[in-house]
Each structure stands twice: as structure tokens, then as C-alpha cells.
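The values are calculated or read from the model by the stated rules, or taken from the named source; none is laboratory data. In this text the structure is predicted, and so the values were computed from the model without any measurement. Here the Cβ positions follow ideal geometry from the backbone for every residue, glycine too, while neighbour counts run over all protein chains shown.
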Amino acid sequence: GFLRMQLAREMKLRSVPQLHFHYDESVVRGAHLSALIERAVAEDSQHPSTPEDAKE
């Protein structure tokens, strides 16, 4: 009720649709992917690259 009432007042609407909220996992998934990328970059930096590696 409270958010719908505030929306109706601010938007000057007589009727406001029901609001539904869902947990967004994209932040958690993004953090996990960032950690995987950082780990891969760290592992790559431990191995010196050679000209043959550039061809692959």
C-alpha cells in the first residue's frame, strides 16, 4: 500500500497497478564473474608469453 499510494500521489493517478518485487541476482552473478576474470588474468600474468602464444 504505501508505495502505491506515494506513486499515485506523485504521478496524479487515480489507480496504480499492483507492485511486485523480485530479487535481482545479477549483482551477485556479476561479482562472481569479475572474480573469475581477475583470477584468470592473475594466472595469465604468472606465465610469460612467447611469440608462439600470440598465434593461437
Neighbours by Cβ (under 9 Å, 6+ apart or cross-chain): first from the range 14-28, over 11 Å from Arg4 (Cβ atoms); second at pLDDT below 90: Arg14/Ala8
Failed item, numbered, when Arg39 is tested on (1) surrounded by 10 or more Cβ atoms within 10 Å (Cβ to Cβ); (2) at pLDDT below 90; (3) in a helix (DSSP H, G or I): (2)
